[in-house]
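**Q** Below is a structure I'd like to ask you about.
The values are calculated or read from the model by the stated rules, or taken from the named source; none is laboratory data. Just so you know, these numbers come straight off a predicted model, no measurement behind them. Because the Cβ atoms are built from the backbone with ideal geometry, glycine has one as well, and the counts that use them run over all protein chains shown.
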């Protein structure tokens, strides 16, 4: 049993942390957020130059061949800096899915382009309730809802109900006819898009076996979930540290407010949540590629519950303990709050995972 | 709108409080608890002499014709003193049920005897899961589980499945052949009994209309639930007051522990629970006789949830704030803790009522 | 004990309900019902409609032009207004400075200011908080120096809610820097149009502009705008803080928002999720209990009579539970719609009702911070009620 | 990072599992598995069985006859013992006084006491707490006056767990009443059979006799039973308190009890209740997380090496969460059976598994009070980890 990271892993994390500290300051991020696209191609190219876009790709395709642990370290560092670029969607989930589903030709064409930052590929999976995406004669129609970073994608990986009533995965060029992208900012300053497809031309990616395709999408999203957990821990780490500092410096009634025992105990509770969340994010990274589907999902649900509850508790109390300052757009704290709020609701909220865990535990 | 009690009501409450303070000290109670029957016929007679056994009875039958509000005041006072005698079972629930179900003859025979303390009548309703009570040819067989104060009853009101598959209510003399009473103390120092019936002779009490009988039992138990809520508030009142006093007097690290802000805020949270519980116990008293069954049960469920959560929070934290002393049998505090624990589980626990409330709210 | 309203009160409720139903403009109601921020004109329009009916100062006694309602009538009025989707009354004029003027103002001050408040002609804001002071209101640093018939004021106020709309600000200023903390404070009324007054927006985490910084640089304030005596301002300030807490539980608003939550949850099918349904039930039950607790406090205050009108420490119970309930409702509404709560300021993405749920959740985090943080309220409970 | 145990550790686990499976007496296992209190003989029998195998001092180094296990091996050992229903090791001798003797005792003291602890021949209890002291352990009032080769001890200790079984008690006594609080305390070993030692039971709210008052009246204690130097006892006391917190999270026990909860809930059909199922899932998840947190703390301690063996402030995290989880499990077990949790000390009412659930819930309230209350643990976290 060993909780240490290797020197390589530490070096990778340091690289990304330095990048965030130097090239992704809060002011820089604000300017990017307020820009028209809401993300920066220059930053994206910088990440490509750092090599982190290639992290999860096989070495055959210009990748580094790393896995969820390294991804977690990178995500944690990006979390603290509240990266607005589509790392999770385009550098974690999409490559994981392509590797599992697509032909060798497709992989050869797209994976190196992902690694160099030349192409951004994003999975569009969740259907809008009223208009699920369906395939007829190789074209897609329907609506995908709140696709994270869907607006900046060059290529969309779209799940759709086929004519045979199965789930298929299709590649859709975002500029193609019949593709309408409604791009918008989300609460946490990131971007998402609703994607309306009207008889849009699409290329079938999967081999046409319903179960295998669904499982591949699930597997990619599970890797994404573990990465999201690591991002959350990175943000919570920063949030707890900033709140502790605030309590030490902020004076009221003639002393630092960190002297008030009720606030001390609240901070202790926040630390308890953080450490439990950190433990579960390690577990999530180690188990997110477990081929035993039920065991994997049970563990990931446990992680998401722990981390979702920590997100909520830490975010709410960090704002509360900062008082009015916590409510302002001016401090990064309120932006951490919003990202933690969004994370809690992403890939299934706490109630969803708590109930899924209960079901899977009972069946086990 | 008026939250004041009348002079009559205040006088009644004072009478019972004085009785508890003078005639039902903690030492006296301990002796009664440790006695063989676990309750005191002398105390029961004292209550009869005070008139409180007649509280809920019609004046025609020697009663005072009072209602749930007065019962609540009495129960609150008994709660603080942790009365071991079967007031709730024999002076609240049983008369309410008899009045709704039984013939005039039966009422004339039994209600005055209840008022004078000459007879103790107790409802035995919940079946043991494995052996529900059924009627065959006027005799009853089966097992009733954890019947509060079943052991001291002269007469049992037993619900049973009749040969026609309906619910009937039967009077069973506790000394009759085929009636086996297994009397035992419960966690809170009170008494309960499992009642095993083997072809025991019984007299049908209800008119034989299934729905009306079930509704009468429910109505009596709902009156009991409101009374139980009032008892809980009486105990919680005493518990919060005792804990506040303890925090003021107990010294640690050179000051009263009530100076520690974390403990102050815990006490504030306990007070919030107490006041919300008090509000709901008023509502419960006012609505427990509402003939609109769905509205009544929705309100009572809300009350039981609020009060059950308050029981748990106040009981656990009162012990915690008392430290080791809270764990001792020596202080009445730990006995309040146990009674509050038992109350939370009586007449349906918090989860049960929360879900019933959700169902009834949705249907409304 | 009788928890029913009297016949008179029920008739009054019907009267209010009819009036609001008829007179509340639809565009304002729709905004309120969907959690959209109101602008200055919306608030003023509604205040003027109420004023025409003689209800411009719902908590005011008859001698100052108010309807002279009992606390129960005020409660009914606010509950009906909230249920129907009327704007929350802007309290800075009506519920904060007005009672101070009535109790401590000169007849000239009363005549100058009160009618315009009631008529919706002048908008007030509060100049209590200062940067760095937080809950420690008595640590006032803004200086006022007497110079003939004027005070010259320098300093900075913050968290000034809706200060961008205000015509006047009531300020705590330090007039005797040598005196100890609570002493040496005075209470001044300052015209926002005075030279030297600058309002700068503070954008909050929901992207909204509700609060402001107010900078005061060599602002000349007529000495006639001093309330009461110099250096006794803390007395008036505390009196005001007591009044700020009337209707602090926000029962009417919480009921309206709970109904909205239940509509949204039903539309999203979330009531079939037993955990979600239980969370909704929990908040509904908490609100039922708080409504009674609120009425109990109201009844006790009514019984205590007119002389002791400012709410006691029991108001802290209402503040804590009331804000927790309102926050829980916004959180559940957001969770009920899931992903479609995330689009930021997008009216036309996802279901109509989803548009403001994410920002609504963020915005209401303020409730447990402003108006005396919930931690301060627990200090009050433990000290004033429990005697710890 | 690798959260798997090594091959050697897994082999060790199998060895422990086999041994416990073979050697643990059935009557003891049945008691543990059903939450029945163990008596002195049960504990001693198991200690002797372990001793015969050479495992009598699981945390002890080889030089004192222990197996010299790594922290991971100790963890595995305790987890396997707990899972199989073995008694919790009585820590007062093995984990409290023994480390003190090893670190600060004379060779004579070590030879006199350590072997009998390991062999289950002498039972120790703890004489730290005094009436009225609570969490403030340094406020020792018990006096010891040196008189030639003896100390004469007078005073009272309380909350002495299983003191009724003890042969020896280690005591904090005040030897210099003039010195400031933490100074002037000495650390004495007292034979419970000495004249003047009286043990009086304290009955707890579950009706059990686990803790005691110990009265010391003119008790003569040989000066050879002093640990270290006079008046430096607080140093040794703190050292001991650090060691008390090894395996503080109680993961193994919690896992066993969680399994029991799930069996009971299934038997009662309570897992069909979505709210109850969610509560069980919540505690299961909390425990999964705590197990990893515990292993992380263990790994950090192992990495820090032998010299810094006492658990750091991180142990406070384990104490708080571990006790909360154990308390939650007992509460859910009680709620799962409902009414049949209420009969008091009745083995034959209701289902077999129901008999001790009510008292079990009551008994475990102690976990958040004793061994440094959870409030004290939060003070430690905020001061020692967060630096507040």
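**Q** Going through A:195, A:223 one at a time, which residue ends up being touching a residue at least 24 places away in the same chain (Cβ under 8 Å) and out of contact with any strand residue (DSSP E or B) (no Cβ under 9 Å at 6 or more places or on another chain)?
**A** Testing whether each residue is touching a residue at least 24 places away in the same chain (Cβ under 8 Å) and out of contact with any strand residue (DSSP E or B) (no Cβ under 9 Å at 6 or more places or on another chain) leaves just A:223.
**Q** Specify the residue that is farthest from residue D:374 (Cα to Cα); the eligible residues are those in region D:315-334 that are surrounded by fewer than 24 Cβ atoms within 10 Å (Cβ to Cβ) and within 10 Å of chain B (Cβ to nearest Cβ).
**A** Among those residues, the one meeting the criterion is D:331.
**Q** Here is a list: B:13, B:85. Which entry is outside the structural domain of residue B:227 (by TED's automatic domain parsing), within 20 Å of the chain's Cα centre (by Cα), crowded, with 24+ Cβ neighbours inside 10 Å and modelled with pLDDT of 95 or more?
**A** Every option except B:85 fails the conditions.
**Q** Which number in (1) modelled with pLDDT under 95; (2) closer than 17 Å to residue A:339 by Cα marks the one condition that residue A:243 misses?
**A** Every listed condition holds for residue A:243 apart from (1).
**Q** Looking only at residues in region A:31-47 that are part of a helix (DSSP H, G or I) and within 18 Å of the chain's Cα centre (by Cα), which one is farthest from residue A:182 (Cα to Cα)?
**A** Among them, the one singled out is A:47.
**Q** Something else now. Between A:318, A:303, A:364, which is crowded, with 23+ Cβ neighbours inside 10 Å and under 19 Å from residue D:278 (Cα atoms)?
**A** One residue alone meets the criteria, A:303.
**Q** For region D:177-196, what are the residues that are within 13 Å of residue D:153 (Cα to Cα) and surrounded by fewer than 18 Cβ atoms within 10 Å (Cβ to Cβ)?
**A** D:191, D:194, D:195, D:196
**Q** For residue D:59, indicate whether it is within 19 Å of residue D:90 (Cβ to Cβ), touching a helix residue (DSSP H, G or I) at 6+ places or on another chain (Cβ under 6 Å) and more than 14 Å from chain A (Cβ to nearest Cβ).
**A** So residue D:59 fits the description; yes.
**Q** In region C:215-254, which residues are touching a strand residue (DSSP E or B) at 6+ places or on another chain (Cβ under 7 Å) and within 28 Å of residue C:316 (Cβ to Cβ)?
**A** Of everything in region C:215-254, those that are touching a strand residue (DSSP E or B) at 6+ places or on another chain (Cβ under 7 Å) and within 28 Å of residue C:316 (Cβ to Cβ) turn out to be C:227, C:228, C:233, C:234, C:236, C:237.
**Q** Can you find, within region C:344-373, the residue that is modelled with the lowest pLDDT among those that are at the interface with another protein chain (Cβ under 8 Å from one of its Cβ atoms) and over 22 Å from residue A:344 (Cβ atoms)?
**A** If we take residues in region C:344-373 being at the interface with another protein chain (Cβ under 8 Å from one of its Cβ atoms) and over 22 Å from residue A:344 (Cβ atoms), then C:370 is modelled with the lowest pLDDT.
**Q** Considering D:234, D:168, D:215, which residue is within 24 Å of the chain's Cα centre (by Cα), crowded, with 19+ Cβ neighbours inside 10 Å, farther than 15 Å from residue D:97 by Cβ and more than 14 Å from every other protein chain (Cβ to nearest Cβ)?
**A** From the options D:234, D:168, D:215, the qualifying one is D:234.
**Q** Quick check, is residue B:252 farther than 20 Å from residue B:337 by Cβ and at pLDDT below 95?
**A** So residue B:252 fits the description; yes.
**Q** Then there is this: Out of the residues in region C:140-155 meeting the condition of being on the phi < 0 side of the Ramachandran plot and buried (at least 18 other Cβ atoms within 10 Å of the Cβ), tell me which one is nearest to the chain's Cα centre (by Cα).
**A** C:140
**Q** Examine region C:84-94 for a residue that is farther than 30 Å from residue C:222 by Cβ, assigned to a helix (DSSP H, G or I) and in contact (Cβ under 8 Å) with a residue 60 or more places away in the chain, and state whether such a residue exists.
**A** Within region C:84-94, one or more residues are farther than 30 Å from residue C:222 by Cβ, assigned to a helix (DSSP H, G or I) and in contact (Cβ under 8 Å) with a residue 60 or more places away in the chain.
**Q** Which one is farthest from the other protein chains (Cβ to nearest Cβ) among residues in region B:190-204 that are in contact with a helix residue (DSSP H, G or I) (Cβ under 9 Å, 6 or more places away or on another chain) and crowded, with 21+ Cβ neighbours inside 10 Å?
**A** Ranking the qualifying residues of region B:190-204, first place goes to B:195.
**Q** How many of the residues making up region A:108-128 are in a helix (DSSP H, G or I) and crowded, with 19+ Cβ neighbours inside 10 Å?
**A** 4
**Q** If you go through region C:183-242, how many residues are under 25 Å from residue C:59 (Cα atoms) and assigned to a helix (DSSP H, G or I)?
**A** The total comes to 11.
**Q** Identify all residues within region A:277-294 that are assigned to a helix (DSSP H, G or I) and either more than 7 Å from chain D (Cβ to nearest Cβ) or over 19 Å from the mean Cα position of the chain (by Cα) (or both); write none if there are none.
**A** Of everything in region A:277-294, those that are assigned to a helix (DSSP H, G or I) and either more than 7 Å from chain D (Cβ to nearest Cβ) or over 19 Å from the mean Cα position of the chain (by Cα) (or both) turn out to be A:277, A:278, A:281, A:284, A:285, A:287, A:293, A:294.
**Q** Please determine whether any residue of region C:262-281 is under 28 Å from residue C:162 (Cα atoms), touching a residue at least 60 places away in the same chain (Cβ under 8 Å) and within 14 Å of another protein chain (Cβ to nearest Cβ).
**A** Within region C:262-281, none of the residues are under 28 Å from residue C:162 (Cα atoms), touching a residue at least 60 places away in the same chain (Cβ under 8 Å) and within 14 Å of another protein chain (Cβ to nearest Cβ).
**Q** Another question, then. Does region B:37-57 contain any residue that is farther than 25 Å from residue B:234 by Cα, modelled with pLDDT under 95, surrounded by fewer than 24 Cβ atoms within 10 Å (Cβ to Cβ) and touching a helix residue (DSSP H, G or I) at 6+ places or on another chain (Cβ under 6 Å)?
**A** no
**Q** Please find, within region B:322-348, the residue that is farthest from residue B:259 (Cα to Cα) out of those that are more than 9 Å from chain D (Cβ to nearest Cβ) and in a helix (DSSP H, G or I).
**A** So, considering only residues that are more than 9 Å from chain D (Cβ to nearest Cβ) and in a helix (DSSP H, G or I), the one farthest from residue B:259 (Cα to Cα) is B:343.
**Q** Given the criterion under 20 Å from residue A:102 (Cβ atoms), touching a strand residue (DSSP E or B) at 6+ places or on another chain (Cβ under 7 Å) and outside any strand (DSSP E or B), identify the matching residue among A:171, A:160, A:176, A:200.
**A** Matching residue, one of A:171, A:160, A:176, A:200: A:176.
**Q** If you take the residues of region D:112-137 that are surrounded by fewer than 18 Cβ atoms within 10 Å (Cβ to Cβ) and under 17 Å from residue B:324 (Cβ atoms), which of them is modelled with the lowest pLDDT?
**A** So, considering only residues that are surrounded by fewer than 18 Cβ atoms within 10 Å (Cβ to Cβ) and under 17 Å from residue B:324 (Cβ atoms), the one modelled with the lowest pLDDT is D:135.
**Q** Hey, another quick one. Looking at B:263, B:247, B:274, can you tell me which residue is buried (at least 20 other Cβ atoms within 10 Å of the Cβ), over 26 Å from the mean Cα position of the chain (by Cα), more than 7 Å from chain C (Cβ to nearest Cβ) and touching a residue at least 40 places away in the same chain (Cβ under 8 Å)?
**A** From the options B:263, B:247, B:274, the qualifying one is B:263.
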